[in-house]
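To start, the structure under review is shown below, and the notes come after it.
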Amino acid sequence: MSILQTKKLTIKFGGLTAVNEVDFSLESGHIVGIIGPNGAGKTTFINLIAGLHTPTSGSVFLDGEDITAMKPHKRARIGIGRTFQLIHPLENLSLVENVMNGFLFAQDFSVPKARKAAVLLCEELGLSRLERPTSQMNILEIKKMELAKALAVNPKILFLDEMMAGLNSDESLEMISLVQKVTRSKNLAVGVVEHVMGVIKQLTHSVVVLDGGEVIAQGKYEDVVKNERVQSAYLGGGA
Amino acid sequence: MKKTLNRTFLIIGVLLLAAPLFMGPYAQSVARSVLMYLMLAISWNMLVSSGQLSFGIAGFFGLGGYASTLAIVYLGMPPILSLVFAFILVGAAAWLLGLVALRLRGMYFAISTLALAEIFRVIIHNWHGFTGGPNGKLLPKLIFDGASVPTYLLMAVLAAGTIAFSMWFRRSKFHFAVTSIRDNEIAAMSTGINIYKTLLMVFAVTSAVQGLVGASFANMYGFVTPESSFNMNYTLLPLAMTLLGGLYTTWGPVLGAVLLGIVGEYLKLYIPYGHLIVYGIIIVLVILFMPNGIVGLSGKLLNGFEARKKGEVQL
Ligand SMILES: Nc1ncnc2c1ncn2[C@@H]1O[C@H](COP(=O)(O)OP(=O)(O)OP(=O)(O)O)[C@@H](O)[C@H]1O
Ligand SMILES: [Mg+2]
């Protein structure tokens, strides 16, 4: 049973159709790769699910409930977590305080309880020196913190938008195993956007390919990469 | 270190309450005005912690003054009760206005608060039958019949309450919510923060405090007029005090209000309106050289000191 579904999800920005009639679903415990060339509509698709854009047409269902009109903060509360392609650390809060937010607001924890939970989560992800300002963190730590912020809302579904960008290959491997670990331990339904094919191959159970806002292929990574449309649209186009 | 600081400030608080024992009536009236500005500055600083700049302090201050005065004149309300009434009425008004104004951001929100204050003034100026128009209204008598010590103590208690409220605010969920909103609204909402509701609550409560201060002021001096009650000073001075003392903290505005309040009082004696020039110069200097105010500066020094004690590297 899929936990998240979109039906003919579409958004137009003026004349540009950034996401076009996308039917998509996610299952708990599974990691789906969302790939496609620059400007394919991947980030916009995540923003539609997170509620940052209102779709022109189509709908989003979580657990069978239509959430198309729901506000972003409510979606966080009902279990939609996401990270950002352009990272958004809250620079006037410390590392641990950044992570506390989800516990405080999505899960309604008290401040002391949220602090304890955030400390545990940070330790689970290998983050230390938790009182640091975010300006003193390196890129791997920032990315882990962004993951922790998304996990702090106690998500059922989790979207990771280019988590590995800016990481070297060792760091990517570490992130990959972290994402696999939390997917299993928290039984998450995960959507990952990545440009590096090696990451997609290692991390995902299946793949959806977007181009010009449309789904042009989906299925197992091995099959999808052989698809002609995918090769001409994506792999042929520079990768 | 923080604990010792807090204890120091608690002692200062006790001294403030005991102050009338040592002060003459003139010193008490200066202290009262410092306490008033302190409340305005603290409340403004709470809203600005969310990144929303309000230029409407004088508007809510004046509205509170009129609410209290008119309630006493027309309904015969006891003065203390009229302060509570002003607090609630101004809070409710700010909530309603915030429903619209808080859809705006940045410059647009700031200008809309300035416009609101001006609209209050113009309405009150022109509603002769009810508000007394340009002549304003006189109160039948001053609060506590003008007795200096109880009036001072009332202000000290209200100020202590405002300080305590701000200290709570800065440890509560509100601290996390407003700081996140100031840093990045998209990131804030994706962690479950209801931005609109948070801002509405903070705007309503801080405006209510400003209304309460305006009501106290009216009851201390016994009259309201559109020109005096909506004077731009009530917006600009708390702003200067907060900038000087330090944004986003409880003690910044306290420190700023004490320093500028006392300095301003002296300057007023020597050069009429000279204090305004000095405030202007201070704002410019602080923004240029000390963007985190005195508290930020001392915080930096303290942190540097503690870090060196622990043997950490300072950047
Ligand atoms: N708010 C917006 N207003 C107008 N156009 C937008 C907006 N957001 C995205 N777009 C456009 O929609 C298209 C899809 O953008 P999107 O960011 O979703 O692509 P992407 O697949 O994430 O690309 P990348 O791999 O570069 O991150 C682009 O043409 C982009 O310019
Ligand atoms: Mg993108």
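With the condition kept exactly as written, say whether any residue in the stretch A:9-17 is touching a strand residue (DSSP E or B) at 6+ places or on another chain (Cβ under 8 Å), open to solvent by 60 Å² or more (accessible area, probe 1.4 Å), more than 21 Å from residue A:205 (Cα to Cα) and away from ligand 1 (no atom under 14 Å from the Cβ). Break it down into steps so the answer makes sense when it comes.
Residues of the stretch A:9-17 that are touching a strand residue (DSSP E or B) at 6+ places or on another chain (Cβ under 8 Å), as a first pass: A:9-12, A:17.
Narrowing further to those that are open to solvent by 60 Å² or more (accessible area, probe 1.4 Å): A:12.
Then drop every residue that is not more than 21 Å from residue A:205 (Cα to Cα), which leaves A:12.
Narrowing the set further to residues that are away from ligand 1 (no atom under 14 Å from the Cβ) leaves none.
No, that holds for no residue.
Only one of B:91, B:62, B:133 is more than 28 Å from residue B:24 (Cβ to Cβ), small (Gly, Ala, Ser), surrounded by 13 or more Cβ atoms within 10 Å (Cβ to Cβ) and in contact with a Phe, Trp or Tyr (Cβ under 6 Å, 6 or more places away or on another chain); which?
On the way: B:91 fails: in contact with a Phe, Trp or Tyr (Cβ under 6 Å, 6 or more places away or on another chain); B:133 fails: in contact with a Phe, Trp or Tyr (Cβ under 6 Å, 6 or more places away or on another chain).
So the residue among B:91, B:62, B:133 that is more than 28 Å from residue B:24 (Cβ to Cβ), small (Gly, Ala, Ser), surrounded by 13 or more Cβ atoms within 10 Å (Cβ to Cβ) and in contact with a Phe, Trp or Tyr (Cβ under 6 Å, 6 or more places away or on another chain) is B:62.
Return yes or no: is residue A:190 within 21 Å of residue A:44 (Cβ to Cβ), at pLDDT below 95 and either surrounded by 22 or more Cβ atoms within 10 Å (Cβ to Cβ) or over 14 Å from the mean Cα position of the chain (by Cα) (or both)?
On the way: within 21 Å of residue A:44 (Cβ to Cβ): yes; at pLDDT below 95: no; either surrounded by 22 or more Cβ atoms within 10 Å (Cβ to Cβ) or over 14 Å from the mean Cα position of the chain (by Cα) (or both): yes.
So residue A:190 fails the test.
With the condition kept exactly as written, say whether any residue in the stretch B:249-261 is assigned to a loop (DSSP other than H, G, I, E, B), in contact (Cβ under 8 Å) with a residue 40 or more places away in the chain and closer than 30 Å to residue B:10 by Cβ. Spell out the reasoning first.
We begin by selecting, within the stretch B:249-261, every residue assigned to a loop (DSSP other than H, G, I, E, B); these are B:249-250.
Okay, now just the ones that are also in contact (Cβ under 8 Å) with a residue 40 or more places away in the chain, so B:249-250.
Adding the requirement that they be closer than 30 Å to residue B:10 by Cβ leaves B:249-250.
Within the stretch B:249-261 (the criterion being assigned to a loop (DSSP other than H, G, I, E, B), in contact (Cβ under 8 Å) with a residue 40 or more places away in the chain and closer than 30 Å to residue B:10 by Cβ), the answer is yes, since at least one residue qualifies.
Output the residues belonging to the stretch A:127-155 that are open to solvent by less than 60 Å² (accessible area, probe 1.4 Å) and more than 12 Å from chain B (Cβ to nearest Cβ). Quick ask: steps written out before the conclusion?
First pass over the stretch A:127-155, keeping only residues open to solvent by less than 60 Å² (accessible area, probe 1.4 Å): A:127, A:130, A:132-134, A:137, A:140-153, A:155.
Answer for the stretch A:127-155, where residues must be open to solvent by less than 60 Å² (accessible area, probe 1.4 Å) and more than 12 Å from chain B (Cβ to nearest Cβ): A:127, A:130, A:137, A:140, A:141, A:142, A:143, A:144, A:147.
Which condition does residue B:185 not pass, out of (1) within 14 Å of chain A (Cβ to nearest Cβ); (2) crowded, with 24+ Cβ neighbours inside 10 Å, if it passes all the others?
(2)
Just checking, does the stretch A:51-59 include any residue being surrounded by fewer than 20 Cβ atoms within 10 Å (Cβ to Cβ) and within 12 Å of another protein chain (Cβ to nearest Cβ)?
Yes, the conditions are met somewhere in the stretch A:51-59.
This table checks each residue for (1) within 16 Å of ligand 1 (Cβ to nearest atom); (2) within 14 Å of chain B (Cβ to nearest Cβ); (3) among the aliphatic types (A, V, I, L, M).
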{"site": "A:181", "(1), (2), (3)": "no, no, no"}
{"site": "A:184", "(1), (2), (3)": "no, no, no"}
{"site": "A:191", "(1), (2), (3)": "yes, no, no"}
{"site": "A:199", "(1), (2), (3)": "yes, no, yes"}
{"site": "A:204", "(1), (2), (3)": "no, no, no"}
{"site": "A:222", "(1), (2), (3)": "no, no, no"}
{"site": "A:225", "(1), (2), (3)": "no, no, yes"}
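Quick one: in the stretch A:156-179, which of the residues that are within 14 Å of chain B (Cβ to nearest Cβ), of a type in the set (A, V, I, L, M, F, W, C) and within 16 Å of ligand 1 (Cβ to nearest atom) is surrounded by the most Cβ atoms within 10 Å (Cβ to Cβ)?
So the residue we want is A:159.
Return the residues of the stretch A:46-87 that are touching an Asp or Glu at 6+ places or on another chain (Cβ under 8 Å) and within 16 Å of ligand 2 (Cβ to nearest atom); say none if nothing qualifies.
A:46, A:82, A:83, A:84, A:85, A:87 - these are the residues of the stretch A:46-87 that are touching an Asp or Glu at 6+ places or on another chain (Cβ under 8 Å) and within 16 Å of ligand 2 (Cβ to nearest atom).
If we keep just the residues of the stretch A:60-79 that are open to solvent by 10 Å² or more (accessible area, probe 1.4 Å) and part of a strand (DSSP E or B), which is nearest to the other protein chains (Cβ to nearest Cβ)?
Here is the first cut: in the stretch A:60-79, the ones open to solvent by 10 Å² or more (accessible area, probe 1.4 Å) are A:61, A:63-66, A:68-74, A:77-78.
Add one more test, that the residue is part of a strand (DSSP E or B), and what stays is A:61, A:65-66.
Details: A:61: 20, A:65: 18, A:66: 20 Å.
In this case the residue turns out to be A:65.
Could you check, for the stretch A:22-43, whether at least one of its residues is among the hydrophobic types (A, V, I, L, M, F, W, C), assigned to a loop (DSSP other than H, G, I, E, B) and more than 7 Å from ligand 1 (Cβ to nearest atom)? Spell out how you get there, then give the answer.
Applying the first criterion (among the hydrophobic types (A, V, I, L, M, F, W, C)) to the stretch A:22-43 yields A:22, A:24, A:26, A:31-32, A:34-35, A:40.
Subsequent filtering for residues that are assigned to a loop (DSSP other than H, G, I, E, B) retains A:40.
Filter once more, so that each one left must be more than 7 Å from ligand 1 (Cβ to nearest atom): none.
Scanning the stretch A:22-43, I find no residue that is among the hydrophobic types (A, V, I, L, M, F, W, C), assigned to a loop (DSSP other than H, G, I, E, B) and more than 7 Å from ligand 1 (Cβ to nearest atom), so the answer is no.
The values are calculated or read from the model by the stated rules, or taken from the named source; none is laboratory data. Computed from a predicted structure; not experimentally measured. Cβ: placed from backbone, ideal geometry, glycine included. Neighbour counts: every protein chain shown. For accessibility, only protein heavy atoms count, side chains too; no ligands or nucleic acids. Shrake-Rupley method; radii C 1.70, N 1.55, O 1.52, S 1.80 Å.
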